[in-house]
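Asks: One structure, pasted below without further comment.
What follows draws every value from the coordinates through simple rules; no lab data is involved. Keep in mind the model is a prediction, meaning the values are calculated, not measured.
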Amino acid sequence: MIFAEFHAGQVIEAGPYVVTEAELLQFAKAYDPQWFHTDAALAAEGAFGGLIASGWHTAAIAMRLVADAALAGSESFASPGLQYLKWTNPVRPGDSLRLVAEVIEVRRSEKRPTLGILRWRWQLFNQRELPVLDLEATSLFRLPESRGH
């Protein structure tokens, strides 16, 4: 989607994305090698009763879904960060995740008219409709000079 296609109140949905145990283990071993992400036997005895995905893996899945559904082919070039990030329920092997992204604000920078600013909330839900991720992101878009500036 290009910047001009976004508007406040818009809802973009994507998925499902099925998390495999192999992918969960591969990500955890590479980036978050804590026992509850990497050792099924230990994790079975832990607080979550089994392996769970790294929260960073969950966020990466959301990024992939957003990139495919909304940012591919756009003028998006960066993000200054997140307002908040919450992992509300664990993601487990076999979970099927669905993205719901709601556009909060779309505006052109007053100081830099070639900069588009998009604020949006991303949520991931599992197959039981339990939320597993909630964040608010800002995305930046490189735009042509607007007329009158």
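Asks: Compute the distribution of all C-alpha to C-alpha distances in the chain, in bins of 5 Å from 0, and list the percent of pairs in each, rounded to whole numbers.
Replies: Values per bin, smallest distances first: 2, 10, 18, 19, 16, 12, 9, 6, 4, 2, 1, 0, 0.
Asks: So for the chain, averaging the separation of alpha carbon pairs under 8 Å that are six or more residues apart and normalising by length, what relative contact order in percent results?
Replies: Worked out over the chain, it gives 29 percent.
Asks: Determine Rg/Rh for segment 9-65; Rg is computed over alpha-carbon atoms and Rh is the Kirkwood hydrodynamic estimate from the same atoms.
Replies: Value, to two decimals: 1.08.
Asks: So for segment 7-81, averaging the separation of alpha carbon pairs under 8 Å that are six or more residues apart and normalising by length, what relative contact order in percent results?
Replies: Taking the mean separation of contacting Cα pairs over the length of segment 7-81, I get 28 percent.
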